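Trainee: Before I ask anything, here is the structure I am working with.
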2 protein chains.
Amino acid sequence: MTFRRFQSSCQIAVVVLLLALLIPPLTAASSGKCRLVRSLRDEIASYRPVVERVLSYVQDKKGYKGRTWAALSEFTDMFGSRLASTSNLENSIDYMMNSLRAENLDNVHAERVMFTGWQRRKENAALVKPRYKNLAMLGLGGSVSTAPEGIRAEVVVVTSFDDLSNKSSQVSGKIVVYNQPYVSYSETVVYRSMGASEASKYGAVATLIRSITPFSLNTPHAGHQSYSDGVKKIPTACITVEDAELLNRMYNRGTKLEIFLKMDSKFFTNATSRNTVAEIKGTTDPDKIVLVSGHLDSWDVGQGAMDDGGRCVYKLELVSSCLLWTAEEEGYIGAYAYLKGHKSELEKFNLVIESDEGTFQPYGIEFHGSETSACIMVEVAKLFDSINATTMQSSKENVGSDIEVFENINIPGLSLLNRNEKYFWYHHTEADTMAVEDPDSLDLNTAMFAVISYIIADLSVELPKS
Amino acid sequence: MTFRRFQSSCQIAVVVLLLALLIPPLTAASSGKCRLVRSLRDEIASYRPVVERVLSYVQDKKGYKGRTWAALSEFTDMFGSRLASTSNLENSIDYMMNSLRAENLDNVHAERVMFTGWQRRKENAALVKPRYKNLAMLGLGGSVSTAPEGIRAEVVVVTSFDDLSNKSSQVSGKIVVYNQPYVSYSETVVYRSMGASEASKYGAVATLIRSITPFSLNTPHAGHQSYSDGVKKIPTACITVEDAELLNRMYNRGTKLEIFLKMDSKFFTNATSRNTVAEIKGTTDPDKIVLVSGHLDSWDVGQGAMDDGGRCVYKLELVSSCLLWTAEEEGYIGAYAYLKGHKSELEKFNLVIESDEGTFQPYGIEFHGSETSACIMVEVAKLFDSINATTMQSSKENVGSDIEVFENINIPGLSLLNRNEKYFWYHHTEADTMAVEDPDSLDLNTAMFAVISYIIADLSVELPKS
């Protein structure tokens, strides 16, 4: 996932028939906040046998059990990380296109996306004064390189933007190290995304930023950043929590610190990639769209199993069509391109689904849409009581990452709630591998994605947008 | 800690007066397993005010609170890792000698130790077929180098020594990857310590061993290994859990794997280091010894804060003399040298203390000694009820690591029980840093070490050895 919110996404697009037209009114006087008419509640409840059948199937050793994990490990073991602008991602897109065709989905095709690519080359950082210590690091996406011979400069450590402002007179010509405490991803990631630009304003020559995570085993985290207009672009990388704290302690003791930093990266203007699209055409109202999606690209570390491969390999028969975004990590580039290329069709989208917040044990639905739509989702969530996944959380914020571009234009968005407390331990690191993934949880995610998209597509009413 | 048991150690040696002679009998008929005479139980209980005073002091912001953490961070930040045979360790020994002298301890001196040193130089490993993937690794202590140009060889993955034996005909000329599951440190570490020798018997050219840990963020773990007599010495290193599992999956799919491995290390025959000794001389019976200890050396990764710096900086006034072992990680080299050099004094040792199992929140005592001695320790442990640390675990196995050499000749040994469930997450890795350490827990460890050693030294009876 990118830096925008606590969510990342690999989206499987399902384009499904809605069987009937909207039949108002959907609400009636009743107790509680939700006042759906009884007939609609009964209709949703009538899907219980379908839900039970699918859940049984994915938990049955003779059925689907373990197949999500098997497919995901086969895919990620074959390709590893899949950075946008690399042939590795393009090869993995070809693999997915072939998989989707093998599933006999309709209209399997790719849609071209253009962007400026960025790739890491050799890089290293080390404390060189008062003693030598290698600093594990990952240059941030979009960062410029250092001079070929590297930079050696004195260090100023700050713990916040306010602290930076207070120390602004000391920053010129220095390397600024950010040792900001981790509060939450959405609150703390601003140091990764804006740290370089803020320090550059005061004349810093580079920035090293504490990785955005609540837990570390000396683990550097990658991620995207962009420069503000008008500031000098300076090299920027994430270092580990442990090293940021070490430098902070030494700096606070009055020790003069010097760091050596060498970074080499390459930009690819006019890089191209592809969104991957597949459909299940309906018959009664084939133009109504429920979109299920995930992003196929990842950072260039680990296997991109959790972020977001796990959302790209759901092959359950019930929902076997998908849209796989490209270049999510660089800022929803694939999603924006799709939006631009499909403007005339946006009215047809009834629901966009993705879940870029991990593939851990699901416990419910996170939904962003109108009040009545949310009430429909409450009824849908009730169907998952056998797996303790009945929570329905209505969010005023967008849910999902790429699908944010749809939600911004008032299309309902849905994500899965899952036990993702440790998501940011692994996020954008070498540790985002199959070791994170639990086979049973993956299967339950698959089942919920499949069943929810099916119900919303099959329901006699559309989700009201207001 | 080394590979022998679940324990590591940095030992602070306290040489303290035992105020009185042994007064038999210590036991009397009573209910329960322990039958200490009432007078002895009362005597131990009479130390309660001392215990309370020390515990209050270390938990008082105006007292000692936070000082263990401060001392440990100052020390480890200054020196970082402290591998035996490096000038870094020797400099840190000098620093500690000066610290001990500044505390006005008696007879502060160093005792020379000779051994064969080993140092890591450049090393790397990568999967090169069917695709390129860097493998994070740490060459194992004592490993020979590869040829200067490295080794490229096909891979056989095994999950146990039995599995190796079954595949023995396929191993010649190959790199053997061990993907043994983690059961417990003591059970699983045999793959690190003997994996190279076992595979070499069948003609393997190198071994890569899954790191000995229950949890990983793609984290390689260092450690010692030694070759069996008569086998060809082959290069050996630990790789990460994630990569071992990846290679295992690919291998089981029938994929032909090739790995490139390049390791360069250097042996230093006749390396020297020093055990650091300080004493508090008693007055009534100055020859009776209670030894509190920790090991000052560490692996060459991280800061060696948990293993075992945390046991080397206890500066509480009550117990401010110490013995700091050297070269523990290579197999208790400092402890064996001490034993050899002090043969004539061994009768004087009444108790040896160390705790090389982490510096987390303490909850009691682990003890190895006679039944009556253990009953005395049960009474001592009761004094720590205010910090919920009254557990007294009598062990038939040795406790501690270096002090094992004393326990083997029937000298009672004591270690602290602490909440070290995550000890092996950090053990021998770059993540063994101050980030592991909790200031309050460190202070409680300090207090318990101080008080227990004081009580045993001050008690009117010796711990009976049988």
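The values are calculated or read from the model by the stated rules, or taken from the named source; none is laboratory data. No experiment lies behind these values; they were computed from the predicted model shown. No Cβ is skipped: glycine too gets one built from the backbone with ideal geometry, and neighbour counts run over all protein chains shown. For accessibility, only protein heavy atoms count, side chains too; no ligands or nucleic acids. Shrake-Rupley method; radii C 1.70, N 1.55, O 1.52, S 1.80 Å.
Trainee: Of all DSSP beta bridges located in chain B, what percent are antiparallel, nearest 5?
Mentor: Working: 38 of 64 bridges.
Given both bridge residues lie in chain B, the antiparallel proportion sits at roughly 60 percent.
Trainee: For the protein assembly as shown, compute the orientation-averaged projected area of the C-alpha convex hull (one quarter of its surface), in nm².
Mentor: 43.4
Trainee: Does the stretch A:157-254 classify as rounded, prolate or oblate by the C-alpha gyration tensor (a ≥ b ≥ c root eigenvalues; a/c under 1.5 gives rounded; else a/b over b/c gives prolate, otherwise oblate)? Write out the running numbers ahead of the final one.
Mentor: Values: a/c = 1.74, a/b = 1.19, b/c = 1.46.
Oblate, because a/c is 1.5 or more while a/b does not exceed b/c.
Trainee: Which whole-number percent gives the relative contact order of chain A, counting Cα pairs below 8 Å spaced six or more residues apart? Please report the intermediate quantities before stating the final value.
Mentor: Working: 1187 pairs, mean separation 129.6, N = 466.
Normalised by residue count, the contact order of chain A is 28 percent.
Trainee: Moving to a separate point now. For the stretch B:128-185, what does the relative contact order come out to in percent, with C-alpha contacts under 8 Å and a separation of six or more?
Mentor: Details: 34 pairs, mean separation 19.1, N = 58.
Relative contact order comes out at 33 percent.
Trainee: Return the FRET efficiency for the residue pair residue A:167, residue A:124: r is the Cβ-Cβ distance, R0 is 22 Å, and the value is rounded to the nearest 0.05. Before the final figure, lay out the partial values.
Mentor: Numbers: r = 26 Å, r/R0 = 1.19.
About 0.25, to the nearest 0.05.
Trainee: Determine the residues within the stretch B:224-249 where the difference in accessible area between the chain on its own and the full set of protein chains amounts to at least 50 Å²; count protein heavy atoms only and use a 1.4 Å probe.
Mentor: Residues of the stretch B:224-249 that lose at least 50 Å² of accessible area once the other chains are added: B:242, B:249.
Trainee: So for the stretch B:307-466, averaging the separation of alpha carbon pairs under 8 Å that are six or more residues apart and normalising by length, what relative contact order in percent results? Walk me through the numbers on the way to the answer.
Mentor: Details: 250 pairs, mean separation 51.1, N = 160.
Result for the stretch B:307-466 is 32 percent.
Trainee: Also, quick follow-up: Rounded, prolate or oblate: which fits the stretch A:254-342, taking a ≥ b ≥ c as square roots of the Cα gyration tensor eigenvalues, rounded meaning a/c under 1.5, else prolate when a/b beats b/c? Write out the running numbers ahead of the final one.
Mentor: On the way: a/c = 3.56, a/b = 2.31, b/c = 1.55.
Prolate shape, in that a/c is at least 1.5 and a/b is the bigger ratio.
Trainee: Report, for the protein assembly as shown, the % of DSSP beta bridges that are antiparallel, rounded to 5.
Mentor: Details: 76 of 128 bridges.
Expressed as a percentage, antiparallel bridges in the protein assembly as shown total about 60.
Trainee: To confirm my reading of the symmetry, which residue of chain A has the Cβ nearest the axis that brings A onto B, and what whole-Å distance does it have?
Mentor: It is A:217, 2, counting Cβ atoms only.
Trainee: Could I ask something else about it? Per residue, how much accessible surface does chain B expose to a 1.4 Å probe? Answer in Å², no decimals. Working shown, then result.
Mentor: Details: 16950 Å² over 466 residues.
The answer is 36 Å² per residue.
Trainee: Further question: For the stretch B:422-442, state which residues have at least 30 Å² less accessible area in the presence of all protein chains than in their chain by itself, taking the probe as 1.4 Å and leaving out ligands, DNA and RNA.
Mentor: Residues shielded by partner chains are B:425, B:426, B:430, B:431, B:435.
Trainee: Right, another one. Net charge near residue A:349, counting Lys/Arg +1 and Asp/Glu -1 over other residues with Cβ under 12 Å of its Cβ? Don't jump to the answer; show the numbers that get you there.
Mentor: On the way: positive: A:288, A:343, A:348, A:465; negative: A:287, A:345, A:347, A:407, A:462.
Summing Lys/Arg as +1 and Asp/Glu as -1 gives -1.
Trainee: Using a 1.4 angstrom probe on heavy atoms only, work out the carbon and sulfur share of the accessible area of the protein assembly as shown in %. Please report the intermediate quantities before stating the final value.
Mentor: Numbers: 16640 of 33910 Å².
C and S fraction of accessible area: 49 percent.
Trainee: Using θ = phi - 60° and the Karplus relation 6.51 cos²θ - 1.76 cosθ + 1.60, list the HN-Hα couplings for the stretch A:150-156 in order, rounded to whole Hz, with x at every Gly or Pro.
Mentor: Those phi angles translate into x, 10, 10, 8, 5, 10, 10 Hz.
Trainee: Let me ask you something else. Between the stretch B:408-466 and the stretch A:75-151, what's the alpha-carbon centroid distance in Å?
Mentor: Answer, in whole Å: 46.
Trainee: Same structure, new question: For residue A:148, which inter-copy label distances result when the label point lies 7 Å beyond Cα on the Cα-to-Cβ vector, reported in nm to one decimal and in ascending order?
Mentor: Result, one decimal in nm: 2.7.
Trainee: Counting each DSSP H run of 4 or more residues in the protein assembly as shown as -39500 (n - 2.57), what helix-only mean residue ellipticity at 222 nm follows after dividing by all residues, to the nearest 500 deg cm²/dmol?
Mentor: Details: 26 runs with 260 residues, N = 932.
After summing the helix terms and dividing by the residues of the protein assembly as shown, the value is -8000 deg cm²/dmol.
Trainee: Which residues belonging to the stretch B:45-94 lose at least 50 Å² of 1.4 Å-probe accessible area when the assembly is complete, relative to their chain isolated?
Mentor: Residues losing area: B:77.
Trainee: Can you list the copy-to-copy distances for residue B:107, using a point 7 angstrom from Cα toward Cβ, in nanometres, shortest first?
Mentor: Output for residue B:107: 8.9 nm, nearest copy listed first.
Trainee: Quick check: Cα centre of the stretch B:168-203 to Cα centre of the stretch B:326-402, how many Å?
Mentor: Cα centroid to Cα centroid, the span is 32 Å.
Trainee: To continue, here is another question. Considering amide H positions built from the backbone, and no H for Pro or chain starts, which residues 5 or more places from residue A:357, or on another chain, come under 5 Å of its amide H?
Mentor: Sorted by chain and number, the residues that satisfy this are A:8.
Trainee: In nm, one decimal, shortest first: how far is the label point of residue B:70 (7 Å from Cα along Cα to beta carbon) from the matching points in the other copies?
Mentor: In nanometres, ordered from closest: 6.1.
Trainee: While we're here: Rounded to the nearest 100 Å², what's the accessible area chains A and B bury against each other, both chains counted, probe 1.4 Å?
Mentor: That pair hides around 2200 Å² of surface in total.
Trainee: If r is the Cβ-Cβ distance from residue B:131 to residue A:267 and R0 is 25 Å, what FRET efficiency results, to the nearest 0.05?
Mentor: Working: r = 25 Å, r/R0 = 1.00.
In this case the efficiency is close to 0.50.
Trainee: Under the rule a/c < 1.5 gives rounded, and otherwise a/b versus b/c splits prolate from oblate, where does the stretch B:72-112 land using the Cα gyration tensor? Could you put the intermediate results ahead of the total?
Mentor: On the way: a/c = 3.52, a/b = 1.38, b/c = 2.55.
Note, shape of the stretch B:72-112 comes out oblate.
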